[in-house]
1. Could you tell me, in Å, what Rg and Dmax come out for the Cα atoms of segment A:166-215?
2. Can you show me the helix-derived [θ] at 222 nm for chain A, built from DSSP H runs with n ≥ 4 at -39,500 (n - 2.57) apiece and divided by the number of residues, rounded to the nearest 500.
3. Around A:Glu77, what is the net charge, scoring Lys/Arg as +1 and Asp/Glu as -1 over all other residues with Cβ under 15 Å from its Cβ?
4. Give me Rg/Rg_expected for segment B:68-286, where Rg uses Cα atoms only and Rg_expected = 2.2 N^0.38 Å with N residues.
5. So, in Å, what gap is there between the alpha-carbon centers of segment A:93-164 and segment C:52-107?
6. Any idea which of A:Asn153, A:Pro279, A:Gly328 is furthest toward the positive side of the dipole for chain A, if Lys and Arg beta-carbons carry +1 and Asp and Glu beta-carbons -1?
7. Over chain A, what is the relative contact order in whole percent, taking alpha-carbon pairs under 8 Å and six or more residues apart?
8. May I ask what percent, to the nearest 5, of DSSP beta bridges between residues of the protein assembly as shown are antiparallel?
Amino acid sequence: MTDNKLINLVNISKSYGDNIVLDELNLYIRENEFLTLLGPSGCGKTTTLRIIGGFENPDQGQVIFEGKDITRTAPNERQLNTVFQKYALFNHLTIAENIAFGLKIKKKSKAYIDDKIKYALKLVNLDGFENRMPNSLSGGQQQRIAIARAIVNEPKVLLLDEPLGALDLKLRQDMQYELIRLKNELGITFIYVTHDQEEALTMSDTIVVMNQGYIQQIGTPEDIYNEPQNAFVADFIGESNIIPSIMIEDKLVNILGTNFACVDTGFGRNKPVDVVIRPEDIDLVKPEEGTIKGVVTSLLFKGVHYEMEVHAHGHDWLVHSTDLSPVGSEVGISVDPYDIQIMNKPESEDEEAVELEI
Amino acid sequence: MKIRNVLNTITPKTPSQKNGAGSLGIRNTKWLSFPYILWMVGFIIIPLIVILYYGLTTNDKLLTLDNIKSILDPINLRSLRLALELSFVSTVICLLLAYPLAMILNKSKMKSNSFIVMIIILPMWMNFLLRTIAWQNILERTGIINTVLKFFNLPMLNIINTPSAIILGMVYNFLPFMVLPIYNVLIKIDKDIINAARDLGANSIQTFLKIILPLSLPGVISGITMVFVPSLTTFVISNILGGSKIVLIGNVIEQQFRIGNWHAGSGLSLVLMIFILISMAILSKYDKEGEGGSIW
Amino acid sequence: MVKKFIERFYVGLILFFLYAPIIILIILSFNSSKSRSKWGGFTLHWYKELFKNQSIMNALYTTLIIAFLSALIATIIGTAAAIAINSMKKTPRTIMIAITNIPMLNADIVTGISLMLLFVAMRYTLGFTSVLISHITFNIPYVILSVMPKLKQLNPHTFEAALDLGASPVYAFFKVILPDIFPGVLTGFFLAFTMSLDDFVITHFTKGPEINTLSTKIYTEVRKGIKPEIYALSTLMFIAVLLLLVLINRRNADKREPIKKV
């Protein structure tokens, strides 16, 4: 990954009728980056991808590719290729013909095309599939062919629209590793759309969390997970306890009537805030050792850990722990200061959608 | 998070997939098809055997090929050739008119499919004989077109009672049967398939030739059969718009039956059926299980 | 912009081509002149005459009765057959579908002639029943083709679920399967009704001299000139169907509206 900005989206807006899908979106993508657009359905992530691919025209704004404005350029004139949601393979053509499609249009020589087909099939671990028809392949195999068909054209950027969405979980995990390997071998930029936070955390260099047409947060997977900037991101990425609290002063927050030490500063004095605490960051200790006391109300075995709910100070705290505390037992809750994440409370609905300066 | 994976992978596969066809879980439904099978044998298979019997025998129940050979009679041969020509031309015209129409309708995203289908088949609710008769009104010497032409002092158009009028009648009556199958195939093409072609560098003409056209072929073939067969065998359209001088093979057969010459009529029908069978064979090759082409 | 205009113009032209003869027939129904080719002024006379004309009313009655009965019987036989075909294995299913396609793809003239020859060979007098049987024959495929897609969409386990909850197979069929496939059954019925109403060729060969449907009655009048009452009748029928379809469409649109807004 370099610092070279390959694609720059400037003030992109798009609406269908009254429904605003994207509102003045700004985003850049660096060369060689694995960037993921993450968000719930209807957040505008797919529309963003389709605008980059050229399948939708933005109502307003520009798409800059290597310094050139390509906003109105037709998809077939763009130096990028797409892997579609449901693969969109040409069912009337063989696998080889599917892969050769783009190259034949560019009038490449037959030897070159044959070479490329072999190379691409090897890359996606499907050697010898040249003469099969797409219908005779499993979902995972069709997915690989869709990727092979795109990459033989040597695009600078590969756009992937929820490419693993139709696969079952085991296969999806295998494909995640495949995609990371592919990206490393090809050394090109990936723009990846998904609603699966786990997928995003596993594969990306950069995650862009979106909701209702706005970018909520941009950052590395670690940033996004450990330091969500607002309640939406915290709630969407993994499980968490989000508790309305009061920031007493720097490094001290009052949660449900009890003061907790934290590490955040600069929120002012006696200011209402939201506190995010990940369930695995809560330590259950003996009642007298905890900052606050509570009673375990439910217990589920989840394999690697137990999931417990602790009722304390009028709030049900979600706790993940490898140690078991039986239902009904009294426990103390303790949280390390750096595991408490403080977020500004949105003053109105609008502010919930933070517009980020990039 | 790993736990979730385990739980998901052990989810049992749905048993319906084993049966191939969705069997509805009803164990024994075969008997439900018995009335239909009986009906089809009684009123489709046996009648076709009867026509075969009549076509291959004489009045005295002797085996003969004369009925079939009567197609070689110059008058009959000419009527067959004319029917083939006219139905070929009208099929081509229907295709040329219908394909762009189906593409425009597909693109227009009008309120709903059923609305478009309704508009195309609604004319069929006016009796087909009457609609054809109305064309007499439009085309005849004192008809609407000529009245307009006369008003502007333009030369008269004399196509009533000519093969052109018959072609027009065929195109008019059977155009919906070409539009609907093509439209139905086009709307089923995933937009992302077309996007994928564009994405891979194809311009709109290349996308049409390499993707849309081949994918719509089942609809086209189905449309061709559904226009060609009724055009080839019609006797009504030629009767109404062609006057008494133009005789198609359908007219010949109808006439044979009207004068009670059933054996000759059956023989000629068998010849006609050869052409129908050929087009049915082509259709079934392209349209497995009737998925691509049915109009409804 | 220009492209859009050309497209609209093209669609308009085709629709004009399809509807022009219908407009002419409607105009003719108000023409006081008995001749097809002369306009004698506006009149409602033929609409009044229509109901007094016994032979037209008889033909209408025969047409409607045959259309209704043949559609009904074809719907029952066809729906049952569709359910059976749907659960068959691949080979018998392919054979059944091929047979189903025969009357749809075969020329009407051949179907008509073959049925007529069958009735004659069986020494069965041509008349109402022979027409009815013929119409049922060519209607069943339309029903099957309308019901099959609905059956394919059906969740195969709902029937088992009903049995599991204690329903008898017959009860389960009427309460669980039939409601789900009912739109297809209804479409099949309407298609069959329409096809029967519009048929001329097969009726022409199988009807015998005793009865007439509207189609065959019109055909006998082609040479000597159509009675204007016929124009009036078909205008009424066309308008009735038009209203019915508009109503159905409106109702469906109303039903769909709230879901769209979500």
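Derivation of every value follows stated rules applied to the coordinates shown; laboratory data play no part. Given the structure is predicted, the values throughout are model-derived calculations rather than measurements. We place every Cβ from the backbone using ideal geometry, glycine too, and count neighbours over all the protein chains shown.
1. For segment A:166-215, the Cα radius of gyration and maximum Cα-Cα distance read 12.0, 35 Å.
2. Value at 222 nm, helices only, nearest 500: -7000 deg cm²/dmol.
3. +3
4. That ratio works out to 1.20.
5. 47
6. A:Asn153
7. Relative CO of chain A lands at 15 percent.
8. The antiparallel fraction comes to roughly 80 percent.
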